[in-house]
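Peer 1: Just passing along the structure, written as structure tokens.
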Amino acid sequence: MPLLTDHSVQSDWVEPDDVLRAAVFYGFASEALGGFELELHHHKKSQFLLVQRGALTCEVEGGIWIVPPRSALWIPGGTRHSIVMTGACERYGAFFAADLDVRLGDACCVVSVTPLLRELMVRAAQLPFLYEEDGANARMVLFLFDELGAAKSENLHLPMPTSPQLRRIIDLMISAPSVRRTLGFWARDMGASKRTFERLMQRETGMGFARWRQQLSVVLAVKWMAGGATIQQVAADLGYESVPSFVTMFKRAVGTSPGKYMAERHATRSEAPF
């Protein structure tokens, strides 16, 4: 799928796999509060996608990834994926040839982005696609590779089942997260015992029912708060009886309160020097 370099001019679309550079960089910002979608596609090159503002949802076979501000998504080359971006967005991306070892692994992941890595990505996005392969720009790109390899993983992945029966139920849970049905309810809906249902959840998602539902709450909370929702709105939309109970769950799962988590994501660049 072509890479959009200026979303208003179709003639500026470029296929990153066709650019004769091992690393290709781009970036753009939009003040529109709506979203946009990229249908299921893939690239030969691996993709690194940094979100500065807004929120990104990426679905690949076997899971959904949520990318809040100040985080980035790693998509290995050849991975079929779809993307939905919400809110006023600012993002910076890179495509890397298969022979480049940027030490991010062979599976999708979300990583936290240091202020230094963020500024390097912003600067690299200003390079022409066919930048010189020696000199200062080339040295900057090598420095960027080092920072990529040091990026820390974040647990913002929601594993998805493959069996149609279980996927139907999971889709219902995602579409109405405030309706907090019990494991027994969903087991009966599927025509299975609670033990069979739990065993199927564990086998197909790597998580038990309670753990998976908690992870659903975390990724939806991050997505909605990144889009501008208040903590009170998120707690209600997730079906929590009170804001403190939601905050307790989030802090236990993520390691910090939702308010502090998003405050750090929305700080200005000048407030976070390297």
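Peer 1: Going by how many other Cβ atoms sit within 10 Å of their own, how do PHE36, PHE209 line up, fewest first?
Peer 2: On the way: PHE36 13, PHE209 20.
Going from sparsest to densest Cβ surroundings: PHE36, PHE209.
Peer 1: Follow-up question, since we're still on this one. What order do you get for ILE75, ILE174 when you list them from fewest to most C-beta neighbours inside 10 Å? Please report the intermediate quantities before stating the final value.
Peer 2: Working: ILE75 25, ILE174 14.
Listing ILE75, ILE174 from fewest to most nearby Cβ atoms yields ILE174, ILE75.
Peer 1: LEU144: net charge of surrounding residues, Cβ under 15 Å, Lys/Arg +1, Asp/Glu -1, itself excluded?
Peer 2: Working: positive: ARG21, ARG103, ARG118, ARG123, ARG139; negative: ASP101, GLU119, GLU133, ASP146, GLU147.
After counting each charged neighbour, the total is 0.
Peer 1: A further question on this structure: Dipole magnitude of segment 161-264 about its Cα centre, charges +1 at Lys/Arg Cβ and -1 at Asp/Glu Cβ only, in debye to the nearest 20? Each step should come with its number before you reach the end.
Peer 2: Working: 15 positive and 7 negative charges, 77 e Å.
Here segment 161-264 has a charge dipole of around 380 debye.
Peer 1: In degrees between 0 and 90, to the nearest 10, how far off the longest principal axis of the chain does helix 164-175 point, with axes built from Cα atoms?
Peer 2: 80
Peer 1: Rounded, prolate or oblate: which one fits segment 10-154, using the alpha carbon gyration tensor with axes a ≥ b ≥ c (rounded when a/c is under 1.5, else prolate when a/b beats b/c, else oblate)? Each step should come with its number before you reach the end.
Peer 2: On the way: a/c = 1.32, a/b = 1.28, b/c = 1.03.
Note, shape of segment 10-154 comes out rounded.
Peer 1: Under the definition of Cα pairs under 8 Å and six or more residues apart, what whole-number percent is the relative contact order of the chain?
Peer 2: Numbers: 468 pairs, mean separation 48.3, N = 274.
Relative contact order here is 18 percent.
Peer 1: Hey, another quick one. Can you tell me the Rg and Dmax of the chain, counting just the alpha carbons, in angstroms?
Peer 2: 19.8, 65
Peer 1: Let me ask something else. Only Cα pairs under 8 Å and at least 6 apart count here; give the relative contact order of segment 187-256 as a rounded whole percent.
Peer 2: Working: 32 pairs, mean separation 10.9, N = 70.
After rounding, I find 16 percent.
Peer 1: Taking K and R as +1 and D and E as -1, what net charge do the other residues with C-beta under 14 Å from the C-beta of LYS44 add up to?
Peer 2: -1
Peer 1: Right, here's the next one. State to the nearest 20 debye the size of the charge dipole of the chain about its Cα centre, where the only charges are +1 on K and R beta carbons and -1 on D and E beta carbons.
Peer 2: On the way: 29 positive and 29 negative charges, 323 e Å.
Dipole size: approximately 1540 debye.
Peer 1: Where in the chain lies the longest segment free of GluC sites (Glu not before Pro) that are both loop residues by DSSP (not H, G, I, E, B) and have at most 15 other Cβ atoms within 10 Å? Show your work: numbers first, answer last.
Peer 2: On the way: sites that count: GLU31, GLU61, GLU132, GLU133, GLU241.
It works out to 134-240.
Peer 1: Here's something else I'd like to know. Need the list of lysines near LYS44 for cross-linking: C-alpha distance under 25 angstrom, and skip anything on the same chain fewer than eight residues off.
Peer 2: The qualifying lysines are LYS152.
Peer 1: Counting Lys and Arg as +1 and Asp and Glu as -1, what is the net charge of the other residues whose Cβ lies under 11 Å from the Cβ of ALA187? Each step should come with its number before you reach the end.
Peer 2: Details: positive: ARG181, ARG188, LYS194, ARG195, ARG199; negative: ASP189, GLU198.
Result for the local shell: +3.
Read-outs: derived from the displayed coordinates by stated rules, not from any lab. From a predicted model like this one, the values you see are computed outputs, not experimental measurements. Here Cβ is always computed from backbone atoms with ideal geometry, including for glycine, and neighbour counts include all displayed protein chains.
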